[in-house]
Amino acid sequence: MPGHPTPAGPPGFARAKWSIAALFCFLGFQYGTWISRLPALRTRLDLGAGEVGLLLMACGAGAAASFPLVALLMRRLGSRRLSLVSALCLVGVLAALPAVPDYPLALLTVCADGVAVGCLNVAMNAQGAALEKAHDRTAMSQLHATFSAGLLAAALLTSGATTVTASVPAHFAVAGALLLLLLTAARPGLLTDPGTDAPPAGPAGPKRPRRLVPPSAATLLLGCAMAFGTITEGAMNDWSTLYMRDVVEASATVAPLGIAVVSVTMLLARACADRWRTRWGDGRVVRTGSAVAAAGLGLALLAGGVVPTLLGFACVGLGAAAITPCVYVAAAERGPDALALVAATGTTGLLAGPALIGFVAAAANLTLGMATVAASALVVTLTALRIPWRARAAVPGS
């Protein structure tokens with residue numbers, strides 16, 4: 001039956017993994033598409049750095065506002081249907097962005113994007129956690145690698161589109177068609193009823209009231225690591241092009257390579273990260289990676305120039321690659337409520353963090369804003385020292 005999980009085993013695992021991976025790729029591609037055209041949107045609406053920061057903050061606000069509803073939507077729809085519905089909403093947002101006539105409507109549109117991103121992020125990570133649990137195999141790093149692949153594909157499409165036409169609507173129309181094809185390919189293999197779709201119901205059924213349990217200290221630490229890890233990742237996605245163009249003074253052709261370098265290194269690192277997790281443990285991978293990201297970006301900001309900046313961006317992609325997959329897995333081991341909370345902090349950091357960089361840039365300069373990214377990676381290093389990481393014995397998924 002289409003969409004129904006197959007019995008445990010390599011064929012069922014592979015089919016479900018690639019379908020879930022398509023969701024991660026979808027989100028990266030959609031996000032990278034409109035973010036890579038942020039300079040064009042800024043020019044068309046005549047926005048300053050502070051207004052760009054507020055625009056990105058609206059996206060984070062939409063994500064934060066969605067989380068009280070996510071648990072209800074997960075119970076009503078399940079992670080499979082919620083993934084599909086929120087993905088269709090993201091296609092609609094992409095179609096609407098080039099048509100917004102003024103700044104207030106742009107804020108509303110981007111806020112709607114944040115709501116849909118929040119829903120898809122929780123649902124697809126719930127699918128990934130259920131996949132690992134059902135088959136007792138690691139896969140989350142490879143799933144997150146496809147998010148990076150989506151970002152990379154969006155950056156390359158943007159670079160190609162800008163050489164052919166300056167029309168943002170035409171570019172977004174092509175991107176929307178590709179997203180629909182990707183969603184169609186993902187749909188058949190998604191898990192229908194993973195354990196994270198709904199909390200277990202007692203004899204009284206779903207109307208039984210749920211008790212609110214405060215999150216544990218470990219869950220709060222994981223949320224902190226996730227928030228600052230996604231600030232690091234999201235800020236690079238959002239501000240690397242503008243930094244390359246405005247501070248490093250790279251050409252219009254070279255400037256988009258900033259996000260491409262981050263995406264390539266992150267993609268390659270995530271493809272290998274499941275092996276690293278098994279060999280060295282999740283805690284060591286997160287601590288070492290976040291330290292590399294902080295040191296590499298900090299040195300690049302001090303050195304300046306196109307080549308040092310791209311090398312620093314590569315350090316961020318390499319070092320930050322395994323942070324979110326490891327934290328998601330650790331949260332999933334503590335139950336669906338912890339997973340939902342950590343996913344909430346992750347999406348909020350991913351979407352609201354870049355706005356913070358915009359406010360710092362408006363108050364001081366963009367170099368100091370990017371230094372905030374390096375500081376965020378350092379916070380992850382310090383937080384990871386306190387998290388009780390669990391040793392992993394599973395063989396990485398293939």
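The values are calculated or read from the model by the stated rules, or taken from the named source; none is laboratory data. As the structure is a prediction and not an experimental result, all values here were calculated from the model. Note that we place each Cβ from the backbone using ideal geometry, even for glycine, and neighbour counts take in every protein chain shown. Areas reflect the complete protein model, heavy atoms only, side chains present, ligands, DNA and RNA absent. Shrake-Rupley method; radii C 1.70, N 1.55, O 1.52, S 1.80 Å.
Worth pointing out:
- Residues that are open to solvent by less than 10 Å² (accessible area, probe 1.4 Å) and of a type outside the set (Phe, Trp, Tyr) within segment 238-259 comprise Asp238, Ser240, Leu242, Met244, Ala255, Gly258, Ile259, listed in sequence order.
- Residue count for segment 10-46, restricted to those that are over 18 Å from the mean Cα position of the chain (by Cα) and part of a helix (DSSP H, G or I): 14
- Residue selected from segment 133-144 under the condition modelled with pLDDT of 85 or more and surrounded by 24 or more Cβ atoms within 10 Å (Cβ to Cβ), by the criterion nearest to Ala330 (Cα to Cα): Met140
- If you go through segment 275-291 and keep only what is surrounded by 19 or more Cβ atoms within 10 Å (Cβ to Cβ) and within 16 Å of Gly317 (Cα to Cα), you end up with Trp276, Val285, Val286, Arg287, Gly289, Ser290.
- Residue in segment 62-73 that is of a type in the set (S, T, N, Q) and modelled with pLDDT of 85 or more present: no
- Residue ID - nearest to the chain's Cα centre (by Cα), chosen from residues in segment 94-131 that are open to solvent by 20 Å² or more (accessible area, probe 1.4 Å) and of a type in the set (Val, Ile, Thr): Val115
- Any hit, segment 173-192, residues being modelled with pLDDT under 85, surrounded by 14 or more Cβ atoms within 10 Å (Cβ to Cβ) and not hydrophobic (A, V, I, L, M, F, W, C): yes
- From the options Gly304, Gly234, residue that is modelled with pLDDT under 85, open to solvent by 10 Å² or more (accessible area, probe 1.4 Å) and of a type outside the set (A, V, I, L, M, F, W, C): Gly304
- Contacts under 6 angstrom Cβ, first residue in segment 166-181 being assigned to a loop (DSSP other than H, G, I, E, B), partner at pLDDT 90 or above and surrounded by 15 or more Cβ atoms within 10 Å (Cβ to Cβ), 6 or more apart: none
- Of all residues in segment 329-359 being among the hydroxyl-bearing types (Ser, Thr, Tyr) and open to solvent by 10 Å² or more (accessible area, probe 1.4 Å), the one that is modelled with the lowest pLDDT: Thr348
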